[in-house]
Structures are given as C-alpha cells and as structure tokens.
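Note sheet for the following structure.
The values are calculated or read from the model by the stated rules, or taken from the named source; none is laboratory data. In this text, all values refer to a predicted model and were calculated from it rather than measured experimentally. Note that we place each Cβ from the backbone using ideal geometry, even for glycine, and neighbour counts take in every protein chain shown.
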Amino acid sequence: MSRYESLGVRRIINANATLTRLGGSLMPPEVIAAMQEAAASFVDLDVLQRRVGERIAELTRNDAAYVSSGAAAGLVLATAACVTGSNPDLITRFPDLDSLKNEVIVHRTHRNGYDYAVRQTGVKLVEIGSEQGTTRADLEAAITSRTAAFFWFQGMMTTPNDLPLPEVIDIAHRHGVPVVVDAAAQLPPVSNLWDFTQQGADLALFSGGKDLRGPQSSGLILGRKDLIEACRIHGNPNQAIGRPMKVGKEEMLGLLAAVERYLKLDHDARERACEEAVQEWCDALNAAPGVTAVRDFPNEARQPLPRCLVTLDPAVTGIERDEVVRRLLEGEPAISVATQGDRGIYLNPMTLEAGEAEIVQTRLLAILTAKVHQRL
C-alpha cells in the first residue's frame with residue numbers, strides 16, 4: 001500500500017493545468033535526485049542560495065537570481081526589496097510604511113487574488129486604466145514620490161488594451177521606478193526566462209513547481225543584482241518579512257536541477273506531442289453524438305500550447321456537463337479537468353504522463369455515450 005493509499009488520498013490524472021491545488025507538476029528523476037543529495041548534508045544556506053543564484057542567473061542570461069518559496073513568496077520579497085532596498089535600518093519596518101515609499105501601481109485589469117502577496121507587506125495598490133484601456137498619461141499621473149514599484153501581471157489578466165509593457169518600463173524608469181513582472185505561469189516559452197528582463201523589467205518572477213517541474217514549494221526571482229540582494233536580506237534565514245517563507249537546501253538544488261533540465265528540453269517536440277494529443281481527442285470525441293471538440297490556443301495561462309475544448313449538448317448526450325466532470329473525478333482513476341461556461345470541458349495535455357491521454361479519452365467517451373446507449 002502506498003503512503004497516499006494509507007491516508008485515503010486518491011491519485012489524480014491531471015488533464016486540467018499546473019494548479020497548486022493539484023500539486024503543480026510532477027518532478028522528474030533528476031530533480032528528485034538533486035533534492036535527495038541536498039537532504040544528506042548540512043550546508044550554509046546563505047552560501048548555497050548565492051551559489052545557486054549565480055548558476056541560475058548564468059543559465060537564464062540574467063544578472064542575478066534568487067530561489068523563493070514559491071512565486072507568491074517572490075511577490076512579497078520583490079515588494080519589500082523595492083520599498084527599502086538593502087537598508088538594514090528599514091527592513092524591520094514592515095508593515096508600518098508611513099514614512100516610506102508605500103505605493104505600487106498596477107493595471108486595474110491585472111488585479112487578481114495573487115496581488116494579496118504584494119499588499120501583505122503594507123503597501124497600497126494604485127490602479128490605473130480600465131477595461132477600455134490605459135494611457136501613458138494614466139501612468140504618468142499615478143507616479144508620485146511614494147511610488148515604490150510598478151507590478152505587471154503577465155498571463156490571463158493581460159489584455160490588448162493595457163499600456164504595453166515596453167511603454168510601462170520606459171515611463172517607470174524615467175521616474176526611477178522599478179518594474180516587476182509576475183510571470184509565475186509563463187513557461188513555456190523558455191525564452192521568457194530572459195525576455196522580460198531583457199525588455200528592461202527589473203525583476204521577473206516564476207513558479208518553480210509549474211512547467212519547470214521543480215519542487216512545488218519553490219519560485220524563481222530573476223533580474224537586477226541590487227534588488228536580488230535586497231530579496232536575500234528580506235528572506236530566510238534572516239529575521240525579516242520573508243523569514244516564514246523558508247527555502248530549504250532541497251528546494252534550492254531541486255530548482256537548479258529543474259532549470260538545467262528545462263533548458264535542455266526539445267520544446268518543439270513537446271509542442272508537437274501536445275498538438276497530436278489534442279488532434280486525437282478531437283477526432284475521437286467529434287464522433288460521439290452531441291459532442292463537439294475543437295483545438296483551443298493558447299491555453300488558460302496564455303502559454304503557447306494547445307488544449308481541447310469539448311462542448312456537450314445534454315439533449316443528445318443525456319448528461320449535464322457538471323455530472324460528467326463529477327464522474328471523471330470520482331471514477332477510477334480520478335481525472336481532473338477544467339470547465340468553460342455551462343457546457344464546456346477543457347482537456348489539457350501539458351500535465352499528462354505517457355499513456356494518460358488515452359485514459360482520459362476512453363473514460364470521457366464511456367461517460368458521454370453511456371446515456372445515449374441506454375436510450376437506444
């Protein structure tokens with residue numbers, strides 16, 4: 001009996017996404033091996049953090065890097081770094097920021113649950129623009145002597161009407177304001193590891209436990225050396241705002257191994273495999289009565305990978321979408337999928353292991369056709 005089974009916890013086939021609540025991603029053997037090696041020795045954590053950061057920075061074409069305990073922790077540390085820098089007299093001031101720079105500017109359309117990680121430092125979020133658009137004048141008017149940073153949330157919140165990132169960087173830098181990009185789920189493409197900072201962003205943040213397939217409780221901050229150094233000072237093992245956000249030696253070496261692996265992957269082959277899985281799903285599911293399946297691109301996080309949108313006609317299938325989702329999750333093996341509207345199901349191939357695409361297809365077809373066969 002596995003440890004999961006002994007606890008009454010079911011394993012899940014993840015046809016949904018790299019979601020934290022599902023465990024992010026599955027770590028490959030080289031990441032697990034690096035974590036096991038790290039667990040076998042005592043080391044100086046500060047020295048290890050610096051050496052790992054130097055290596056990751058070199059690999060990702062950045063000036064500096066820091067391993068955080070997840071991307072959300074990276075948001076906290078990045079905010080703190082922009083507010084106080086490395087000033088030792090200020091790092092214990094959080095969340096009392098009355099006499100410090102305590103405002104962070106964001107697009108109104110970028111507001112999301114993750115910006116709580118920014119606000120928990122004590123800063124105030126200043127919104128600019130609307131769904132109709134944002135102008136250069138909107139940003140210029142929002143910048144004051146209290147502005148600590150501009151935060152850009154890349155992904156599903158980003159809209160065509162936003163003031164473009166290069167313009168944000170240009171205006172912010174003319175006022176001496178750093179720009180931080182939350183790109184937690186923005187891998188692939190692999191080039192994002194250096195693209196945002198090469199555009200001029202001061203920091204770019206990524207999840208270590210999503211497509212990088214590193215430890216789920218790891219994140220990556222890339223960018224300016226002085227701000228990365230400030231992140232170190234605010235982080236574990238120092239007595240500062242990031243002290244509870246502990247990064248272990250296992251996460252540090254595990255994430256380094258994950259980055260090394262990710263840069264060596266054949267990303268074109270991976271994309272082709274995802275396209276093939278989606279095409280096979282579409283071919284099989286479109287043959288079922290009352291079912292329409294189409295390729296959807298990009299996926300939910302705006303990553304350049306396809307997924308399959310399956311739309312049901314309950315009048316023909318004899319079963320509602322939510323019931324299908326329930327049966328997939330409660331069946332054996334358990335399968336998690338995403339939903340769209342009242343009738344849509346998203347099937348995502350990027351988190352599937354070998355052979356699981358066929359299992360998802362077989363289970364879904366069995367559920368969708370059972371009612372039809374009963375009526376016939």
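For Arg327, the stated conditions do not hold, so it cannot be described as under 28 Å from Met157 (Cβ atoms), touching a residue at least 40 places away in the same chain (Cβ under 8 Å) and not assigned by TED's automatic domain parsing to the domain that holds Ala230.
Taking the criterion of being hydrophobic (A, V, I, L, M, F, W, C) and under 23 Å from the mean Cα position of the chain (by Cα), the residues of the stretch 298-345 that qualify are Ala301, Leu305, Cys308, Leu309, Ile335, Val337, Ala338, Ile345.
None of Gly209, Gly155 is at pLDDT below 95 and under 13 Å from the mean Cα position of the chain (by Cα) except Gly155.
The set of residues in the stretch 228-245 that are over 15 Å from Arg50 (Cα atoms) and either in contact with a strand residue (DSSP E or B) (Cβ under 8 Å, 6 or more places away or on another chain) or of a type in the set (Lys, Arg) (or both) comprises Gly242, Arg243, Met245. Taking the stretch 1-30 as the region of interest, how many residues are among the acidic types (Asp, Glu) and over 16 Å from Gly208 (Cβ atoms)? Total satisfying the criteria: 1. Of the residues making up the stretch 201-211, at least one is in a strand (DSSP E or B) and among the aromatic types (Phe, Trp, Tyr).
The residues of the stretch 172-189 that are more than 13 Å from the chain's Cα centre (by Cα) and part of a loop (DSSP other than H, G, I, E, B), listed by number, are His175, Gly176, Val177, Pro178. Listed here are the helices (runs of 4 or more DSSP H) enclosed by the stretch 57-171 that have at least 1 residues being among the acidic types (Asp, Glu): 136-142. Based on this model, can you work out whether Ser99 counts as in contact with a helix residue (DSSP H, G or I) (Cβ under 7 Å, 6 or more places away or on another chain) and without any contact (Cβ under 8 Å) to a residue 24 or more places away in the chain? No: the conditions fail for Ser99. Restricting attention to the stretch 21-43, does a residue exist that is without any contact (Cβ under 8 Å) to a residue 12 or more places away in the chain, surrounded by 14 or more Cβ atoms within 10 Å (Cβ to Cβ) and basic (Lys, Arg)? Looking for residues that are without any contact (Cβ under 8 Å) to a residue 12 or more places away in the chain, surrounded by 14 or more Cβ atoms within 10 Å (Cβ to Cβ) and basic (Lys, Arg), one finds none in the stretch 21-43, hence no.
Kindly evaluate Pro237 against the criterion of being more than 20 Å from Ala15 (Cα to Cα), in contact with a helix residue (DSSP H, G or I) (Cβ under 6 Å, 6 or more places away or on another chain), not β-branched (Val, Ile, Thr) and not assigned by TED's automatic domain parsing to the domain that holds Asn87. Here the answer is no, as Pro237 does not meet what is asked.
In the stretch 301-323, the condition of being buried (at least 17 other Cβ atoms within 10 Å of the Cβ), in contact with a strand residue (DSSP E or B) (Cβ under 6 Å, 6 or more places away or on another chain), of a type in the set (Gly, Ala, Ser) and within 18 Å of Met156 (Cβ to Cβ) is met by no residue. Residues that are in the same structural domain as Glu251 (by TED's automatic domain parsing) and within 24 Å of the chain's Cα centre (by Cα) within the stretch 24-53 comprise Gln49, Arg50, Val52, Gly53, listed in sequence order. Looking at Val126, Val179 in this structure, which one is at pLDDT 95 or above and crowded, with 24+ Cβ neighbours inside 10 Å? Checking each option against the conditions leaves just Val179. Inside the stretch 279-297, residues that are within 31 Å of the chain's Cα centre (by Cα) and either basic (Lys, Arg) or in a loop (DSSP other than H, G, I, E, B) (or both) make up a count of 2.
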